[in-house]
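Inspection log for the structure reproduced underneath, given as structure tokens.
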Amino acid sequence: MGSMSLAHWIIVMVVVLVLFGRGRISEAMGDFGKGIRHFRQGLNDESDTIEARKLPTNERSPTD
């Protein structure tokens, strides 16, 4: 009784398509994809910054 069958999902999808239209759904999915891409780029940039900070510097200051 609590699970949704295939027929229920089809009805839900039809209602969503009628309410939002095909163009708005594809636009929303495109924006979602762009958001994921920017998130991944941010993670890569952050990991590059962390790796750069971890590199040891063997140089001594001129006062030593």
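The values are calculated or read from the model by the stated rules, or taken from the named source; none is laboratory data. Here the structure is a predicted model, which is why all the values come from computation and not from measurement. Don't worry about glycine lacking a Cβ; one is built from the backbone with ideal geometry, like all the others, and counts go over all protein chains shown.
For Leu55, state whether it is at pLDDT below 90 and either surrounded by 10 or more Cβ atoms within 10 Å (Cβ to Cβ) or in contact with a Gly (Cβ under 7 Å, 6 or more places away or on another chain) (or both).
When the stated conditions are applied, Leu55 does not pass them.
If I go through segment 1-25 residue by residue, how many of them are modelled with pLDDT of 85 or more and of a type in the set (S, T, N, Q)?
1
Tally up the residues in segment 1-25 that are loosely packed, with under 10 Cβ neighbours inside 10 Å, part of a helix (DSSP H, G or I) and either hydroxyl-bearing (Ser, Thr, Tyr) or within 24 Å of the chain's Cα centre (by Cα) (or both), please.
Number satisfying all stated conditions: 2.
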